Amino acid sequence: MRAAGGVLMGMAGRFRMSALTAGSAAMLGAIGLVTPHDAFAQETTRLDEISVQGDGLVRGPTRNGAPSRAVVSVSGDPEAGGKGPVEGFVAKTSTAGTKTAAPIIETPQSITVIGRDRIETLQSTSASEVFQYTPGINADTYGSNSRSDSYITIRGLPANFFQDNLRLPLTRPYSGYRVDPFMTERIEVLRGPSSVLYGQGGPGGTINYVSKRPTPVPFALVDMQVGNFEQPRIGLDFGGALNNDGTLSYRVVGLGQNSQLNGGNPFTGQRIALAPSLAWKPDAQTSFIVFGSFLQDDTHIDSDFYPARGTVLPNPNGRISRNRWTGNLNFDKQIRTQYAIGYEFEHRFNDHFAFRQNLRYATVATSINTVYGAGIPAFNEDDTAAQRIVAQRSMNRYAIGGNIGANAFTVDNQLQADFILGPTKHTVLMGVDYLNQYSYDKQTFADGGSFDLYSGIGQPINGQLNLYQDQRQTVSQVGAYFQDQIKFFDKLVLTGGFRYDAATSNFKNPLTEGVAGVSDDTALSPRIGAVYLFDNGLAPYISYSESFSVNPGAGRLARLGGGVGEATGPFRPSFGKQEEVGIRYQPPGLPILLSAAAFDITQTNVITSFGITAYAQDLRSRGYEMEALVEFGNGFRMIGSYTLQDVRVIGSLDSPSDVGLRPTAVPDRVGSIWGDYTFLTGDLRGLRIGAGLRYTGASYGGIDVTDPNNPLIVRSPEFFLVDAGVSYAYENWRFSLNVRNLADRKYVSTCSDPTACFYGQERKIIVGARYTW
C-alpha cells in the first residue's frame, strides 16, 4: 500500500507521457469552432426537476404547451442531484465520481455521462452500442454477442458494474447481470479506480446505470423499433401522481423484444423487462423511492468461436464465412432470469446535514448450453501438405452446460455535511456500506464433435456431459469511507478521502479436493485530487487513487505460499492504483465539455480465466484519452473521442513468458466521431441527419501453434466503421432510421486466443417510431 501523502507533489514528474500536452492542445483547439448561442430545440422528452411547495402543489416548467414531466429530488440541482435527465449531449452534474451531486468539471477524475437524448439519437439497444462513442471503452470484445455485457473493458482492464451507485451481482462474465438501455435515465462512466467510495472493484473504471425515476406529472410514451435484427422491439414508459398533492408518484417502464441473432444463427432471442418504481416525497426535505426490476432473456449464444486460421491468418481453404454458425441445433440455449428490489431514502435535516440510505437485493440465474469452437487440431509431424490442407477445414468443439448465478444484498449509509469554514466550502461525506453475495457456477462438459468450417456439417456431441465444476463462493464485505471536497475561494477544489474494507471470502468446489477455504482480507484505499477552476472555463486537474477487489474462484498460486501449479484455495485479492492528470474546458453557460487526460494504472492478481487452470497476472495500462461533447446552438452537435493505451503484462509467476506482452483482445487505440444537424426553422424543421465514424486499433490474440514448427502471431487488424442516422420529430411523434456498419464491412473484432476469433456486427438497420402524450 502506498501512502497518499505527498503523491500530488511528485506525481507529475513520474508521468512520462508527453502526449498529454499535445493531446490537450489538439482537444482545446476545437474551442475556436464554438460560438455562443441561444436555447435550441430538443426532440427528446426531458424530465424537469420539480419541488413540492408548502401548499402541496407541484411546481415545474412547461414548454410549448406540452405537459411537463418531472423527477423527484431534494437536491435543488437542474439534473436532479446528478440522477436526472441530461439536456442534449452535455451533462453538468454526476454522482459517479463523489457520490454527491458534484459538477463534473470539479471532479479530479475522467467521467462521461450518456443521457437519454444520446441513447435515442443512436437508437442503442444494448450496452455495447451505448458505449461505442465513449473514450477508453472496448465494448465489442466478443463481437456482437448475446451472452453478457460483462466483457466490457475500460482503459484495457475489466469494468465494474453498478446500478444507482450499488454494485450489481458479480458472476462469471457469461452470466452477468444486464441492464437494458431503455430502462435507464442516464449511464455514467467513471474511468480509473473508485474503491474509496464503492469498495470492491478493479482500477479500470466503473459503469453506473441510473434508473428512470417517478414523475408526479402524468405522461406516457410508447417506443417501437423494427429492423433486420430487431423484429420487433416495443417499449412502454408511463407515470404520474397517485394523489392530489403530488407527494406520491409512480413510474412503470416495460420492454418486449424479439431479435434475430448474428452469424447465421438459426435462433431468435426474446427479452421481457419490467421496472416499476414508487416515490413518496412528503416535503421538500424528504424523498423515498422504491425500485423493482425484472428481466428475462430466452436466447442463444450468437458469438461463434472461429479459429485464427481462416479469419485473421491464412487458410488454404479460404476465409471462413461470418454467417457460418458453429453451434448445435438440438443443444444450444441460454436463459437468464434476474430481478431486484430496493429503495433510496434521502432526508435533509437542514442546510448543513443530509442522510441517505440506498439498499437493494438482486439475483441473477443463467442456464446455458453451448457448443463452441476449440480450434484446428495441431498437425502431426508426418502429415503431408495435402493432409494439412484437409485438416484446416475442420475444428474441434466443446460442449458445455451450466447453471450460473448470484444473489447479492447491498446497503449504503451516507451522512453528508455542507458547511463554510473561513475561505473554504466543504462537502463532507461519511459512509458505511455492506455487501453479502453468494455465487455459484455448476458446469458439465463433453466433446462437442468436430465441425467442417466450410460445409457447415458438424458431428454430434460425443457421449454424455459430465459434471466437472461446482464452484460456490460467499463474499461478505464491510467498508467505512470518508471524503471531503474543499473549495478554496471558488477556484481550487481539493478532493481527498479514504476507505477501509474488511472482506471474507468462503470458497468451495466439492469436485476438487483441496480447492476450498476461507480468506479474510483488509485494505485501505485512498484518493486525493485537485482541480483549479479558471474563469474562462479551463479546469486542469491531477489525482491519485487506489482500488481493492476480492477475486472469484480459485486456481494456481491462489494464496501466498502456494507453489507453481498448486491449487490451495481462493485467489488473493486484486489491488490497483492510478495516477491521472487532465484538463477540461466548459465555458460558463454553454453546452460544451472538452476533456483530455493521461493515466498510468497498475493492477495485481488479474485472473486470466476460471477453474483450477486459472492463474493471476499483474497488468499495467498507460495512455491518454480525449473527448469532445459540443452543441453549437445552430442545430449542429458533435461527439468525439480518442484513446491511446499501452496495456502490458508486468508480472506472471505462473507464465513468465507472458511478461512484456499485451493481454489478448485489448486494442491499442480506439476513436470515434459523431455529428448531427437538426433543422430548426422552415419546412424541414424537426428533421435531423447524422453520421459517425468508429475506429478500433489492432489487438494481440496469442500464438497459433497449429503447426508446431511454425508458430504464428495472431493479431486482429484495425478497422473503421461508418454509421448513419436520420430522424423527424413532429408534434408528439418521432420517426427515426439508424444504420450501423453502413458499408456492411466484414471484420474480426478481436481474438481472445488462436481458437477464439469473433466477427463483428454486420450491417444493422433500425427503424423507430415513438409517440409521447
When (1) in a strand (DSSP E or B); (2) at pLDDT 95 or above; (3) out of contact with any Cys (no Cβ under 7 Å at 6 or more places or on another chain) are applied to residue 758, the one that fails is (2)
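Can you find, within segment 424-470, the residue that is modelled with the lowest pLDDT among those that are of a type in the set (Phe, Trp, Tyr) and over 30 Å from residue 355 (Cβ atoms)?
In the first step, residues of segment 424-470 are kept if they are of a type in the set (Phe, Trp, Tyr); the result is 434, 438, 440, 445, 451, 454, 468.
Cutting the leftovers down to over 30 Å from residue 355 (Cβ atoms) gives us 440, 445, 451, 454, 468.
Working: 440: 92, 445: 93, 451: 96, 454: 97, 468: 84.
Per the stated criteria, the residue is 468.
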The one condition residue 128 fails out of (1) part of a loop (DSSP other than H, G, I, E, B); (2) free of Cβ contacts under 8 Å to residues at least 40 places away in the same chain; (3) of a type outside the set (A, V, I, L, M); (4) under 13 Å from residue 187 (Cα atoms) is (1)
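Okay, residues lined up against (1) farther than 30 Å from residue 755 by Cβ; (2) at pLDDT 95 or above; (3) buried (at least 22 other Cβ atoms within 10 Å of the Cβ); (4) touching an Asp or Glu at 6+ places or on another chain (Cβ under 8 Å):
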{"position": "272", "(1), (2), (3), (4)": "yes, yes, no, no"}
{"position": "281", "(1), (2), (3), (4)": "yes, yes, yes, no"}
{"position": "288", "(1), (2), (3), (4)": "yes, yes, no, yes"}
{"position": "291", "(1), (2), (3), (4)": "yes, yes, yes, yes"}
{"position": "310", "(1), (2), (3), (4)": "no, yes, yes, no"}
Discussion item. When you check residue 718 against the structure, is it free of Cβ contacts under 8 Å to residues at least 12 places away in the same chain and either touching a Leu at 6+ places or on another chain (Cβ under 8 Å) or among the acidic types (Asp, Glu) (or both), yes or no?
Written reply: no
Exactly one of 611, 589, 565, 623 is buried (at least 20 other Cβ atoms within 10 Å of the Cβ) and either part of a strand (DSSP E or B) or modelled with pLDDT under 90 (or both), and that residue is 623
Considering segment 306-325, residues that are in contact with a Cys (Cβ under 9 Å, 6 or more places away or on another chain) and among the small types (Gly, Ala, Ser), and then whichever is farthest from residue 375 (Cα to Cα), we arrive at 310
All-but-one check, residue 206 against (1) part of a loop (DSSP other than H, G, I, E, B); (2) within 30 Å of residue 521 (Cβ to Cβ), failing number (1)
Residue in segment 184-202 that is within 14 Å of the chain's Cα centre (by Cα) and closer than 23 Å to residue 404 by Cβ present:
yes
Restricted to segment 476-529 and to residues being assigned to a strand (DSSP E or B), modelled with pLDDT under 90 and of a type in the set (Gly, Ala, Ser), the residue farthest from residue 197 (Cα to Cα) is 516
- Item | Check on residue 705, surrounded by fewer than 20 Cβ atoms within 10 Å (Cβ to Cβ), over 30 Å from residue 397 (Cα atoms) and either among the β-branched types (Val, Ile, Thr) or touching a residue at least 40 places away in the same chain (Cβ under 8 Å) (or both) | no
Being modelled with pLDDT under 95 and either among the aromatic types (Phe, Trp, Tyr) or exposed (fewer than 14 other Cβ atoms within 10 Å of the Cβ) (or both), is that true of even one residue in segment 716-729?
no
Going by the conditions given, is residue 403 within 27 Å of the chain's Cα centre (by Cα), in a strand (DSSP E or B) and at pLDDT 95 or above? no
Picking from 188, 230, the residue that is among the acidic types (Asp, Glu) and at pLDDT 95 or above would be 188
Item to complete: Kindly indicate whether residue 213 is of a type outside the set (A, V, I, L, M), closer than 26 Å to residue 764 by Cβ and in a loop (DSSP other than H, G, I, E, B).
Response: no
Of those in segment 320-349 that are exposed (fewer than 15 other Cβ atoms within 10 Å of the Cβ) and modelled with pLDDT of 95 or more, the residue nearest to residue 299 (Cα to Cα) is 341
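I'm trying to understand the selection: among the residues of segment 530-554, which are within 25 Å of the chain's Cα centre (by Cα) and either of a type in the set (Asp, Glu) or assigned to a strand (DSSP E or B) (or both)?
Going residue by residue through segment 530-554, those that are within 25 Å of the chain's Cα centre (by Cα) are 541-553.
Across segment 530-554, the qualifying residues are 541, 542, 543, 544, 545, 546, 547, 548, 549.
Of these, 92, 99, which one is over 20 Å from residue 645 (Cα atoms), among the basic types (Lys, Arg) and buried (at least 22 other Cβ atoms within 10 Å of the Cβ)? Write out each step before concluding.
Working: 92 fails: buried (at least 22 other Cβ atoms within 10 Å of the Cβ).
None of the others qualify; the one that does is 99.
The values are calculated or read from the model by the stated rules, or taken from the named source; none is laboratory data. Here the structure is a predicted model, which is why all the values come from computation and not from measurement. Every residue, glycine as well, gets a Cβ built from its backbone with ideal geometry; the counts of neighbours run over all protein chains shown.
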